[in-house]
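Okay, so here's the structure we're looking at.
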Amino acid sequence: MYQFTNDCLIGIPEIDKEHQHLFNLLNQTDSALHAADADISAITSRLLNELYNYAMEHFAHEEAYMRSIDDPELNRQLQEHEAFREKVTSYMDSGELTLNTAKELLTFLAKWLYRHILSSDILIGKFQKAKNNDAYVFSNEYLTGIELIDKEHRQLFALVNDVHNLIHDEFIFDKYDEIVRILTELRNYTEMHFHDEETYMEQIHYPELDAQRRAHNAFIEKLVDINFAELEDMDDNQQEYLQGILDFLAKWLINHILKMDKKIGK
Ligand SMILES: [Fe+2]
Ligand SMILES: [Fe+2]
Ligand SMILES: [Fe+2]
């Protein structure tokens with residue numbers, strides 16, 4: 001059973017409804033695959049195809065919505081949806097699915113969807129197009145009132161700004177290694193921070209600890225996927241790519257602090 005939990009709600013009713021429906025389809029397919037008399041060809045042609053088609057329809061709606069509000073995250077979403085489409089079609093085109101490969105595919109679908117909602121869809125409609133190249137600054141509106149957490153959030157912002165400044169510094173030659181070093185530090189610091197935050201929530205028996213954990217895990221998994229080593233030297237494309245990664249990290253953190261972390265202090 002794949003649970004669609006409240007923390008998956010992004011606050012846009014049409015999109016939330018479609019996500020919920022995707023979860024229903026996942027669960028139907030899951031029970032069919034685990035039934036004693038599971039008929040793999042019927043499941044493939046009926047349920048798995050329906051799931052795939054509905055996901056494609058849903059992506060198109062989501063993208064159209066983002067386009068209509070000029071959402072700056074649109075490009076990232078287009079790439080992620082495309083990666084999903086490629087992965088699923090490569091499964092479906094690799095010949096007849098067996099019960100096992102179908103189960104594998106379904107696990108991938110469920111995991112991907114859950115993580116995509118918590119790390120990317122959650123940002124839909126939350127940010128305007130940046131008017132200039134402004135870095136991200138920590139402001140009082142981000143304060144949770146919990147000293148340790150605020151201190152660590154401040155440090156996260158400082159690291160984000162360090163990376164941002166390095167990316168845009170035209171006077172440093174060969175800055176690539178340094179950028180990767182700070183990005184890695186940012187990733188490690190984020191992991192440590194989530195750990196501290198979760199420990200604090202455990203201590204106060206915070207009721208929304210599970211939702212926080214899910215959000216943290218989805219974000220960390222995504223960070224781990226970023227392969228810095230793939231980039232060899234800094235040209236304009238890479239500069240843009242790195243700025244894109246940084247932008248996403250910063251936006252996710254800001255949204256998470258405002259929507260979830262601030263509640264811990266209350
Ligand atoms: Fe999406
Ligand atoms: Fe936090
Ligand atoms: Fe958090």
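Any residue that is over 21 Å from ASP7 (Cβ atoms), free of Cβ contacts under 8 Å to residues at least 24 places away in the same chain, polar (S, T, N, Q) and exposed (fewer than 13 other Cβ atoms within 10 Å of the Cβ) - is there at least one of those in the stretch 115-129? Among the residues of the stretch 115-129, not one is over 21 Å from ASP7 (Cβ atoms), free of Cβ contacts under 8 Å to residues at least 24 places away in the same chain, polar (S, T, N, Q) and exposed (fewer than 13 other Cβ atoms within 10 Å of the Cβ), which makes the answer no. Of everything listed in (1) exposed (fewer than 13 other Cβ atoms within 10 Å of the Cβ); (2) at pLDDT 95 or above, the single unmet condition for ILE146 is (1).
From the list HIS153, HIS164, HIS168, the one residue that fits, being surrounded by 15 or more Cβ atoms within 10 Å (Cβ to Cβ), assigned by TED's automatic domain parsing to the domain that holds ASN255 and more than 16 Å from ligand 2 (Cβ to nearest atom), is HIS164.
Taking the condition in contact with a His (Cβ under 8 Å, 6 or more places away or on another chain), away from ligand 1 (no atom under 13 Å from the Cβ), of a type outside the set (A, V, I, L, M) and without any contact (Cβ under 8 Å) to a residue 24 or more places away in the chain, does PHE138 pass? Yes: the conditions hold for PHE138. Only one of the numbered conditions (1) in contact with a Ser or Thr (Cβ under 7 Å, 6 or more places away or on another chain); (2) aliphatic (A, V, I, L, M); (3) within 16 Å of ligand 1 (Cβ to nearest atom) is violated by ILE69, and that is (1). Inspection of the stretch 171-187 finds no residue satisfying the criterion of being outside any helix (DSSP H, G or I) and either within 14 Å of ligand 3 (Cβ to nearest atom) or under 25 Å from TRP112 (Cβ atoms) (or both). Here ASN217 clears all of (1) crowded, with 16+ Cβ neighbours inside 10 Å; (2) within 13 Å of ligand 3 (Cβ to nearest atom) except the condition numbered (1). Does HIS193 satisfy the criteria of being more than 12 Å from ligand 3 (Cβ to nearest atom) and either in a helix (DSSP H, G or I) or closer than 25 Å to ASP261 by Cβ (or both)? Answer is no for this residue. Candidates are the residues of the stretch 106-135 that are charged (D, E, K, R) and within 16 Å of ligand 1 (Cβ to nearest atom); the one that is farthest from THR184 (Cα to Cα) is LYS126.
The values are calculated or read from the model by the stated rules, or taken from the named source; none is laboratory data. Just so we're clear, the structure is a prediction, and the values are computed from it rather than from any experiment. Backbone-built Cβ (ideal geometry, glycine too); neighbour counts: all protein chains shown.
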